[in-house]
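Colleague: Pasting a structure here, questions to come.
Where a number appears in this text, it was derived from the coordinates with a stated rule and is not lab data. Values in this document were obtained by computation on a predicted structure and should not be read as measured data. Heads up, the Cβs are rebuilt from the backbone with ideal geometry, glycines too, and the neighbour counts pull from every protein chain shown.
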């Protein structure tokens, strides 16, 4: 046969094309598997007819014979319980102090909490509140929980959820702590049974939830001006004095005192801080900005919580 008339031989796929195909096929599967592994939870509850999940940590130092505090630590938008555990280091402190920590999981894709003005007192918002109340009931039957020392803390959307709980579960939540909170639940819907103490942290160069309010680079949402919002929270708590706290490097703060029912408000500003948990494990800086190590938000919250148990009136 004339070699010139032979059919052309098929060329083998180039190695680069094979690698790209493998990435397109395998990478999503690996990412899904990684998420399932990292987003581990160890508890579930039926609340409002739906299965809700949570990650519970009971330290070895927990003493069943003594009522233990319970701390909610609530993840932010597009985050998850195990991630919030890792960045906040609440478990390490629980080991030292003997309290229980629970990391509830939001809903939807990405995971989030229904706390905005758009949902207000909608069924979605009330389901969130019911979930937390049901979870308190469940854990109180399984462990010796001190009903006077149940606290809520959270990052970003989780901070907004903590605020919503202060409005709707003030008879069960003793105090709250927030970091880079998205305070979108409207004031006109916030009628707490009692003033709830608050300790808060916010970075001035937070580009996700702007310190001075308005839409951000990631969310076209009318976020409130944070210093003004804190002053309003203190006013609603009946605080009569505003005291400047000693500076810690780039960290400054204000302590609102003389408040009704000991409902103090402490507000820390981190001048070079981003959308991250101060003193915690840093998230990628190119996404959230700097994670300050000049103050430990977790330990500061716990110290504040210890001084603000729920007082029956």
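Colleague: Give the stretch 234-258 a look and list any residue that's in contact with a strand residue (DSSP E or B) (Cβ under 7 Å, 6 or more places away or on another chain), touching a residue at least 40 places away in the same chain (Cβ under 8 Å) and either in a strand (DSSP E or B) or surrounded by 21 or more Cβ atoms within 10 Å (Cβ to Cβ) (or both), or say none.
Modeller: Those that are in contact with a strand residue (DSSP E or B) (Cβ under 7 Å, 6 or more places away or on another chain), touching a residue at least 40 places away in the same chain (Cβ under 8 Å) and either in a strand (DSSP E or B) or surrounded by 21 or more Cβ atoms within 10 Å (Cβ to Cβ) (or both): 237, 251.
Colleague: For the stretch 52-87, enumerate the residues that are within 12 Å of residue 104 (Cα to Cα) and in a loop (DSSP other than H, G, I, E, B).
Modeller: Of everything in the stretch 52-87, those that are within 12 Å of residue 104 (Cα to Cα) and in a loop (DSSP other than H, G, I, E, B) turn out to be 75, 76, 79, 80.
Colleague: In this structure, does residue 124 turn out to be free of Cβ contacts under 8 Å to residues at least 40 places away in the same chain and either touching a strand residue (DSSP E or B) at 6+ places or on another chain (Cβ under 9 Å) or in a strand (DSSP E or B) (or both)?
Modeller: Taking the combined requirement at face value, the residue satisfies it.
Colleague: Continuing with this model, one more query. Does the stretch 214-233 contain any residue that is assigned to a loop (DSSP other than H, G, I, E, B), touching a helix residue (DSSP H, G or I) at 6+ places or on another chain (Cβ under 8 Å) and touching a residue at least 12 places away in the same chain (Cβ under 8 Å)?
Modeller: Scanning the stretch 214-233 turns up no residue that is assigned to a loop (DSSP other than H, G, I, E, B), touching a helix residue (DSSP H, G or I) at 6+ places or on another chain (Cβ under 8 Å) and touching a residue at least 12 places away in the same chain (Cβ under 8 Å).
Colleague: Counting only residues that are more than 27 Å from residue 269 (Cα to Cα) and not in a loop (DSSP other than H, G, I, E, B), how many does the stretch 134-185 have?
Modeller: Qualifying residue count, the stretch 134-185: 13.
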